[in-house]
Amino acid sequence: MSKIGVFVCHCGENISRTVDCARVAKASGQIRGVAVAKDYKYMCSDPGQALIKNAIKEHKLDGVVVSACSPHMHEKTFRKAVTEAGLNQFLCEMANIREHCSWVHEKEEPTTRKAIELVRLMVEKVKRNMALEPIRVDVTKRALVIGGGVAGIQAALDIADGGHEVILVEKDPSVGGHMAQLSETFPTLDCSQCILTPKMVDVGSHPNIKLYTYSEVEKIEGFVGNFKVTIKKKARSVDIDKCTGCGECQLKCPSKKIPSEFDRGLKNRTAIYIPFPQAVPARPVIDREHCIYFTKGKCKACQKVCPTEAVDFEQTDEYVEEEVGGIVVATGFDLYTTDKQGPYPDYKGYGEYGYGEDPDIIDGLQFERLASASGPTGGAIQRPSDGKEPKSVVFLQCIGSRHPSKGIEFCSKICCMYTAKHTMLYKHKVHHGTAYVFYMDIRAPGKGYDEFVRRAIEEDGAVYLRGRVSRIYRSGDHLIVKGADTLSGAAVEIEADMVVLATAVMPQPGIEGLFQKLGISYDQYKFASEAHPKLRPVECATAGIFLAGACQGPKDIPESVAQASAAASKALILFSRDQMLREPVVAKVNENTCIACWYCVEICPFTAISKKDIRDRQGNLIKRVAEVNPSLCTGCGTCAATCFSNSIDLDGFTDEQIYSEINSLMAVGQDLFPEPEKAEGDSPDEKAA
Amino acid sequence: MTYAYYPGCSLKGTAIDYHTSALALAERLGIELKEMEDWVCCGASPIHQRNPALASGVANLLLSLSEGISKDVAVLCAACYHNMKKAEVEMREDGKKRNEVEELSGIPFNPEVRTRHFLDILDKDYGLNALKEKVVKPLSELRVACYYGCLLSRPPEIAFDDPEQPMIMERILEAAGAETVSWSHRLECCGASHAVPLTDAVLRLVNDVLASARDAGADIIACACPLCQANLDMRQEGIRAKLGVAHNLPAVYFTQLLGIACGATGKQVMIEKGMVSAVPLLRAKNLL
Amino acid sequence: MSESPQSETQKDGAGLPEAATSWEPRIVAFICNWCTYTGADLAGTSRMKYPPYVRVIKIPCTGRFDPLFMIKAFERGADGVLVSGCHPGDCHYTAGNYNARRKYTVFKALLETLGMDMDRVWFSWISASEGGKWVDTIRKFTEVIQEKGPFREYREMIDVG
């Protein structure tokens, strides 16, 4: 016979305001197998916990039901308390009579009755609980950081400085990300490359960082503490150990008309190229799509000129495996492309603005390149069509962002600030020019941010017009921008020399493929989802995977860096222990009844179930059965619900437990099917039951 | 392929060439445009300003006339299309509005009936490949500026192509072999509704449209609205007199160009009706 | 504080009020620990209100849901059964909810063939942030069950069986 203790909490008045707690305790005491039932004002307080501990000892309890708040709130508290009293922690369960009862119902009879039934349900479960031990798993104290932009760089450096090895994977030939493309940064106007490149160099030379550039994550297996990652090193066609980065090959390459990704098409590059002078590693890569040798079969000019014989046309993609314990995802963003054939096929572009058709209509990152000292114009503001200095530039904010009819509802957060910065950079270089900004609202909440925008308007004379632009078209030497100024109510027509579109910040196109490999969730726009929007903004719901930077949502540099350091500290917390404990909610196979249908093997989302041979002493095969690897099993229970022969059960949620919970639900003291003529004698219902 | 055809008043009067050329084209394509009986004026642009419910009531009446012919009502005039489609969409989506209109017109609304512009029918139902097969005289070397004006794609709820950047007319005329030009004023208003009170403003607007088409290298403008066509065609003399700009740029209906491409004669599509004649141009391109 | 002596001879649930005068709907909800359970918690912390006739049985994932649980619940007098988990793509265990949906679809067809009133079985996705949706679902489901009344047909069905 079980000896269960039931402890009913008033939660101050949070529960007792609508539930008669004394009656719940009294009724619980009458449930078969309940040895003691008490109610108390604050069960989670020290005296409350002492009450439970004393009762366990006094009544030699073999199970505890705390009838209080949600287990998500205080299960850990009470499990710790019962452990201190010598009871296995998994023999303690909570009946949620606060969130699921007292807070959501009125003070009336059925509310108290519901509380009693919820307790009874848990008592029936606890009677069948088993003493379990948490599963211990070794932690591999190495981290994988995916993405080598400023967020990935910061996370990698922090973890590496914390004394653990980091694998940094970057899909492009160099680390640096979008921040390397920027000219100057708001609100201080310091040079982006000047502050970033030292960090890039650190990443390249840190003894704890293993850098894989021009590489992608191919496959991820395992679980927190024990991930196995397959990385694809794309064929670079250059042996980076032999190469000295002299750049001779770039000079000789005859294929020179390829739009540079780094300069966002404002400048051309060669087929063998170092993406930008400060690249880390400063080693070239051959773009096989445009290389004359790879497309036409002859050339090899770069190979001939290379002094160290580093060019290797035979190189193939290589796959390497790395074992890590935690993963930081820092895949960053890209800009929404406004022409019709953009990389975001789910979204309508802005064909009416002529981006991609008229060279003088550019996006924010292109303007950054124009304004950058390392850019195609050496930092001179020149319009792309003819290199003339633009006398008036129109900046349009919210291109894509906050525009539900184009499919995007969110605010891209950084555009108000960088547009203000653009107007300043422009005015500082073209003193007699005029910068116009069409905006919807100015969103500048941040340290020194609003002051910065005010400076752009008041000191540098940017003309801010609240309204949207309907159309941009070319008229001779100018672009005509037609829009509305909704504050004055007038239609506006501006003759511009150049137009800059502040397009929406979007996740990297196709990034959901990686998120699926990682098993992390993402929102409708394919931004990665955090575990809790307020209290767990850095972790994913999947344990051991952390988020940093704009892959989670639009962010500026300080925010990305802060989140990267937070993600690094989460990884370091994970690495601070040699072993980690996991809830022992895992599946178990009954080998006597398993019929080897392998449905469980197929259905398990974590490949935790395998086929096992059972042999006699002579080594003859007797039968084959399913076998669960407890360190891979996450305890979803899909196998248990699928097994034909009822041979798999889930610890903590066994069939027996769930059926006893269901059985406890039978309405006692309430006729199931009240009918006047059944008022007397045994009802057929009771017989059937 | 049979459609209930609603010509509307303009197409029986000033825009008879639109009507005639559309029928000639449809016949060659094997599309039957069966004129609905007892139709009335759609109320065009003034009615919904005076009484929106009445405008919808008229549209409901017109849609009901399609019974027995087809569930699709083919419309050519942009103003008629605008009026009818707007009412149809409102009635389908807003039950209260629908009740009001049904009560006013005394006719139940049939949600299955749809207002269709002839461009949409050619693009979606007939198909560009089928159209290509019917082309006997490709409009090659003809540089056409496709003009949508303001009514055809606005508001977005009634548009049959991207409302900000429609390309349907370009697609269709290119299927008939024409070269279309990319130009800025394809969706600008021609000023038709101000024709009487503000003639000078209209001249300026039309001048902008014509100049933009001319600058983009167009030989001819294709229209899909009787008011647009009339404005672009007839105002050229006034622009010459008042603004001193001679455009001499023919503005015709897309159905006229397509009709010729599909083998109709100039007479069958009434090509000679325009004030700025398209005949010399089409002769020069061996299309007449 | 109150304490009751152990009384092993009393039958389960004694101490509950005597037969209620009028019928009350009995709804059993099998909900997953990660999304819907947390969503229901959120309804609580937001102090939303809904009728008190739902009894929650927590399972780790809807993938753990065995359709026989539902049969058992009806056998024990349930008038309606709700199964609710994470939205497609959001499953804590990546795919448990897809398996649950597949199982449900197949089982539903079978039960319909047997003449089961499938309006009494609801399947929904309620995320951890959708406290309001949980409340709406319970309200609507309770209304439907109240309108239908006690599940006598099931009793008749198993009596025949």
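The values are calculated or read from the model by the stated rules, or taken from the named source; none is laboratory data. No experiment lies behind these values; they were computed from the predicted model shown. For neighbour counting, all protein chains shown are included, and Cβ atoms are generated from backbone atoms with ideal geometry for every residue, glycine included.
Observations on the structure shown:
- Qualifying residue in the range C:128-150 (condition: in contact (Cβ under 8 Å) with a residue 24 or more places away in the chain, among the acidic types (D, E) and either farther than 30 Å from A:K517 by Cβ or not in a loop (DSSP other than H, G, I, E, B) (or both)): no
- Being more than 12 Å from chain C (Cβ to nearest Cβ), assigned to a strand (DSSP E or B) and touching a strand residue (DSSP E or B) at 6+ places or on another chain (Cβ under 7 Å) holds for only one residue in A:V36, A:V64, and it is A:V64.
- Only residues that are assigned to a loop (DSSP other than H, G, I, E, B), among the polar types (S, T, N, Q) and touching a strand residue (DSSP E or B) at 6+ places or on another chain (Cβ under 8 Å) were counted in the range A:171-202, giving 1.
- Residues that are facing chain A (nearest Cβ under 7 Å), surrounded by 22 or more Cβ atoms within 10 Å (Cβ to Cβ) and assigned to a loop (DSSP other than H, G, I, E, B) within the range C:27-65 comprise C:P52, C:P60, C:C61, C:F65, listed in sequence order.
- Top-ranked residue of the range A:603-659 - restricted to ones that are more than 7 Å from every other protein chain (Cβ to nearest Cβ), among the β-branched types (V, I, T) and part of a loop (DSSP other than H, G, I, E, B), ranked as nearest to A:V137 (Cα to Cα): A:T607
- Enumeration of residues in the range B:44-81 that are buried (at least 23 other Cβ atoms within 10 Å of the Cβ) and either at positive phi or among the aromatic types (F, W, Y) (or both): B:Y81
- C:I158 being among the hydrophobic types (A, V, I, L, M, F, W, C), touching a residue at least 40 places away in the same chain (Cβ under 8 Å), away from every other protein chain (no Cβ under 13 Å) and out of contact with any Leu (no Cβ under 8 Å at 6 or more places or on another chain): no
- Annotation: A:S683 fulfils all but one of (1) more than 30 Å from C:G63 (Cα to Cα); (2) at pLDDT 90 or above; (3) among the small types (G, A, S); the unmet one is (2).
- Qualifying residue in the range A:5-21 (condition: surrounded by fewer than 24 Cβ atoms within 10 Å (Cβ to Cβ), touching a strand residue (DSSP E or B) at 6+ places or on another chain (Cβ under 8 Å) and closer than 13 Å to A:V126 by Cα): no
- Verdict on A:D485 being charged (D, E, K, R) and at pLDDT below 95: no
- Counted as qualifying within the range A:371-480 are the strands (runs of 3 or more DSSP E) with 1 or more residues that are among the charged types (D, E, K, R), namely A:463-466, A:469-475.
- Single residue of A:R113, A:R120, A:R98 found to be without any contact (Cβ under 8 Å) to a residue 12 or more places away in the chain and within 9 Å of chain C (Cβ to nearest Cβ): A:R113
- Yes/no for A:E84 being of a type in the set (D, E), within 27 Å of C:G44 (Cα to Cα) and under 42 Å from the mean Cα position of the chain (by Cα): no
- Filter result (among the acidic types (D, E), part of a loop (DSSP other than H, G, I, E, B) and farther than 17 Å from A:M506 by Cβ) within the range A:342-370: A:E357, A:D358, A:D360
- Residue ranges of helices (runs of 4 or more DSSP H) in the range B:186-288 with at least 2 members surrounded by 24 or more Cβ atoms within 10 Å (Cβ to Cβ) and of a type in the set (A, V, I, L, M, F, W, C): B:199-215, B:226-243, B:254-261
- Residues in the range C:71-86 that are more than 9 Å from chain A (Cβ to nearest Cβ) and either surrounded by fewer than 21 Cβ atoms within 10 Å (Cβ to Cβ) or in a helix (DSSP H, G or I) (or both): C:I71, C:F74.
- Residues located in the range A:160-185, provided they are at positive phi and either buried (at least 21 other Cβ atoms within 10 Å of the Cβ) or among the polar types (S, T, N, Q) (or both): A:G176, A:G177
- Residue count for the range B:129-151 under the criterion of being surrounded by fewer than 14 Cβ atoms within 10 Å (Cβ to Cβ) and either at positive phi or of a type in the set (S, T, N, Q) (or both): the result is 3.
Let's see how each residue does on (1) closer than 30 Å to A:V217 by Cα; (2) assigned by TED's automatic domain parsing to the domain that holds A:R466:
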site	(1), (2)
A:I327	yes, no
A:S372	no, yes
A:S385	no, yes
A:K388	no, yes
A:V394	no, yes
A:I408	yes, yes
A:S412	yes, yes
A:L425	no, yes
A:A435	no, yes
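- Within the range C:87-105, being surrounded by 23 or more Cβ atoms within 10 Å (Cβ to Cβ) and more than 7 Å from every other protein chain (Cβ to nearest Cβ) holds for C:C91, C:N97, C:A100.
- Verdict on A:E106 being within 9 Å of another protein chain (Cβ to nearest Cβ) and of a type in the set (D, E): yes
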